[in-house]
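Novice: Before I ask anything, here is the structure I am working with.
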Amino acid sequence: MGLLMHLTCLPGPHGSGDLGQGAHRFIDFCAEAGVSWWQMLPVNPPGDPPGNAPYTSPSALAGNPFFVALGELGLLSGEELRPPQDVPDNRVDYPAMRHFREQALRTAYDRFIHASDDEKKPFHAFCDAQRDWLEDYALFTAIKQVFAGKPWYEWDPPLRDRDPAALAEARQAHAREIDFWRFVQYQFDQQWQALRRHAAEKGVALIGDIPIFVAHDSADVWAYPHLFRLNAVGRPEFVSGYPPDAAAPAGQKWGHPLYDWDAHRREGFKWWTARFASAFRRFDAVRIDHFLGFTRLWAIPASSPTAEKGTWWPTPGGQILAAVRDALGEHPIIAEDLGRVTRHDAALRKRFGLPGMRIYLFGFDANQPQAMYHRPHCYTHDSVAYTGTHDNPTLMEWLREVRPRGSARMARDYAGARGKQTHWAIIRAVMASPANTAIFPVQDVLGLGAEARMNRPGTRDGNWTWRISADALTGEIAARLRAMACLFGRLR
């Protein structure tokens, strides 16, 4: 049994959840509740405002700087740890939180650089060990600051095109800024490894998330432009999306650059292997977001205003997964196989022994062509069952606001749900299913409604901001989860 909650959602004093006491207390709650898995969203740096999405990160390998717990650094005074009044503690206000946390990290760095050589040895060892990605990320982030946040494809051509002389000059001119971003990544890593050790001691394993795409304005695309379908000035020829359907008649144009698969093959999928290696350094298991993209991607001409003119391009997903397995060995991977599942998708998932996902809410959605597939009595052992995901309404929001109402009534009747215990009855139905693993968004465990929704796909404002109150997860809830997990054989 597992719980799904992103780090930003945790309680804490500095405008967002982080790797500090709130995360450690949540692990303690999981252990008390018999929860074996803590699933998160991507922990890479968030995308630029206004989206702030963890799925459009400027780095596929770096950790989120704003997850560094400021109070754990031992480098800041009480006054410096006190956030200004414009940083709320009941939701994430990204501009205010980012500004406060970055200034605090810079103050901490100014003190850290005066530490003794012995005290800085672990920092230098980390930088050496992570050099392959860290140097490009730190340089990218420093140059982006110089250009006031402009995307790399709008930088001066020598830097945009990574002219060696221009890069050498930038490294010298911005050495301190580059070192600051190394320091931030070092602190993230130190705190992450401490959290992972605590989780392991408590019998709680961590599940991460690997988005299939990376942002165009990212250190990855800037450092490895040959691995993407870009023109001579760094602009994508084709971008990602999804074809028209009943929900979106013009389709969905997501805008990520598409991969040059021939270039990836020539390098033995080394870049993909590095992504998975980074994830498994942090997590015990990972979820591949948009796993269906491992068989085909919808390629849209970048100049097209909508997704209607796209075409399907095949993806060498089997070769990618084989390269990762050969390089890293066997690791637990969840395939997010939601959408129009084809026989090729199912065959690829089964070939590598990856469990797929089943979503209770989808089983009663009139717009779902495969609704029965998502009803608990149809789950197979090789699946991970959820009440919902971060992209769905919360369970109670869906039940209260879904149309037609007959769907909500059927979802309640299926679980024998009544009144205030509705969410618990549905959790019980998922627990009782044959699925090997059952994972629940914390919002559904708490029976929260629309106010606690994490993301509304297709919108940019107001997402990723929900935070849990410090006293929400009580001993009574822990006891109820544990009793249910014991009843259905889901205690580790």
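The values are calculated or read from the model by the stated rules, or taken from the named source; none is laboratory data. The model shown is predicted, which means the values in this text are computed figures rather than measured ones. Counting neighbours? That spans all protein chains shown, and the Cβs are built from the backbone with ideal geometry, glycine included. Protein only, heavy atoms only, side chains kept; ligands, DNA and RNA dropped before computing areas. Shrake-Rupley method; radii C 1.70, N 1.55, O 1.52, S 1.80 Å.
Novice: Take residues that are open to solvent by less than 30 Å² (accessible area, probe 1.4 Å) and tell me which of the helices (runs of 4 or more DSSP H) falling wholly in segment 128-178 contain 3 or more.
Specialist: Values: elements: 131-146, 157-160, 164-173.
It comes to 131-146, 164-173.
Novice: Right, here's the next one. What number of residues within segment 430-460 are under 20 Å from A479 (Cβ atoms) and basic (K, R)?
Specialist: The qualifying residues number 0.
Novice: I've got another one for you. Within segment 46-91, how many residues are part of a loop (DSSP other than H, G, I, E, B) and within 30 Å of T273 (Cα to Cα)?
Specialist: 20
Novice: Same structure, new question: Looking only at segment 374-408, which residues are in a helix (DSSP H, G or I) and under 17 Å from K420 (Cβ atoms)?
Specialist: Selection gives L395, M396, E397, W398, L399, R400, A408.
Novice: Which residues, taken from segment 51-79, are modelled with pLDDT of 95 or more, among the hydroxyl-bearing types (S, T, Y) and open to solvent by 20 Å² or more (accessible area, probe 1.4 Å)?
Specialist: Once the filter is applied, which keeps residues that are modelled with pLDDT of 95 or more, among the hydroxyl-bearing types (S, T, Y) and open to solvent by 20 Å² or more (accessible area, probe 1.4 Å), segment 51-79 yields only S77.
Novice: Answer yes or no: is there a residue in segment 84-94 that is without any contact (Cβ under 8 Å) to a residue 24 or more places away in the chain, more than 27 Å from the chain's Cα centre (by Cα) and open to solvent by less than 40 Å² (accessible area, probe 1.4 Å).
Specialist: No - not one qualifying residue is present in segment 84-94.
This table checks each residue for (1) exposed (fewer than 15 other Cβ atoms within 10 Å of the Cβ); (2) in contact with a strand residue (DSSP E or B) (Cβ under 7 Å, 6 or more places away or on another chain); (3) farther than 21 Å from T295 by Cβ; (4) hydrophobic (A, V, I, L, M, F, W, C).
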{"site": "L321", "(1), (2), (3), (4)": "no, no, no, yes"}
{"site": "D337", "(1), (2), (3), (4)": "no, yes, no, no"}
{"site": "M357", "(1), (2), (3), (4)": "no, yes, no, yes"}
{"site": "H374", "(1), (2), (3), (4)": "no, yes, no, no"}
{"site": "E397", "(1), (2), (3), (4)": "no, no, yes, no"}
{"site": "Y414", "(1), (2), (3), (4)": "no, no, yes, no"}
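Novice: Please work out if K202 is open to solvent by 30 Å² or more (accessible area, probe 1.4 Å) and modelled with pLDDT of 95 or more.
Specialist: yes
Novice: Are there any pairs, at least 6 apart or on different chains, whose C-beta atoms fall under 6 Å, with the first in segment 300-321 and farther than 14 Å from G241 by Cβ and the second polar (S, T, N, Q) and buried (at least 19 other Cβ atoms within 10 Å of the Cβ), and if so, which?
Specialist: T315/T295; G317/T295
Novice: Output the residues belonging to segment 439-492 that are among the small types (G, A, S) and open to solvent by 30 Å² or more (accessible area, probe 1.4 Å).
Specialist: Of all residues in segment 439-492, those among the small types (G, A, S) come to 447, 449-450, 452, 458, 462, 469-470, 472, 475, 478-479, 483, 485, 489.
Matches in segment 439-492: A450, G458, G462, S469, A470, G475, A479, A483, G489.
Novice: Ok, one more. Does V239 count as assigned to a strand (DSSP E or B), more than 17 Å from the chain's Cα centre (by Cα) and crowded, with 16+ Cβ neighbours inside 10 Å?
Specialist: Against the criterion (assigned to a strand (DSSP E or B), more than 17 Å from the chain's Cα centre (by Cα) and crowded, with 16+ Cβ neighbours inside 10 Å), V239 qualifies.
Novice: May I pose another question? Out of the residues in segment 99-123 that are part of a helix (DSSP H, G or I) and free of Cβ contacts under 8 Å to residues at least 12 places away in the same chain, which is farthest from P49 (Cα to Cα)?
Specialist: K121
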